[in-house]
Amino acid sequence: MSRASNTTPRRRKGRGTLSIIAGLLLASGIIRLGTHATSAFAFQSAPEVASTPIEEPQVCPDNTELEEVISALKRREEKLDAREEEIARRSETLEIQQAEAEARIVSAKAEEEKLRLTMAAASSAAEDDVSQLTKVYANMKPKQAAGLFEEMDPEFAAGFLGRMAPGAAAQVMAGMTPKAAYAISVVLAGRNIGAGSK
């Protein structure tokens, strides 16, 4: 039992020493490996840095997306320019059409005024003719005028008799047949009633 107890501490002391030596060797190896890797990396990267020529910075080397955007912007600008030109052309066309329409309105107003004056002149001339003809019928002998008025349409005859002086119209109607005088009297009475209701 004394031998076993004597050999056990020695083995433990030997194992402890071996563990320490193994730990130191491992640490030394790790340190050497790290140093070697750092120097190798420096050795390999240094020539690459030295051999790589310094190029001037490029703004957009072969950037197709940016070129597409620029191209799209140019197309849009061209479309906007074309649209502006179209709007300008339409505006010019509208201005021309408006000027033509205004000229037509002025011309139409001038024609309307001319027509109004013509109609007024014709109406005045017709009125003058009717007045003159009425005077002629009034200056005729009542029997002669009565014969003419009997041949006329009652509406037409009433128009002349209505313009005559009441005494002259009465003499003319006295020379007419009762039937013709009655028809003219009905027309005259209807006109007078219509004028009074207004």
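The values are calculated or read from the model by the stated rules, or taken from the named source; none is laboratory data. The structure presented is a predicted model; accordingly, all values stated were derived computationally and were not measured. Remember, those area values only see protein heavy atoms, side chains included, never the ligands or the DNA or RNA. Shrake-Rupley method; radii C 1.70, N 1.55, O 1.52, S 1.80 Å.
Counting only residues that are open to solvent by 70 Å² or more (accessible area, probe 1.4 Å) and modelled with pLDDT of 85 or more, how many does region 171-198 have?
Counting residues in region 171-198 that are open to solvent by 70 Å² or more (accessible area, probe 1.4 Å) and modelled with pLDDT of 85 or more gives 6.
Scan (1) modelled with pLDDT under 85; (2) open to solvent by 80 Å² or more (accessible area, probe 1.4 Å) for the single condition Ala42 breaks and write down its number.
The single condition Ala42 does not satisfy is (2).
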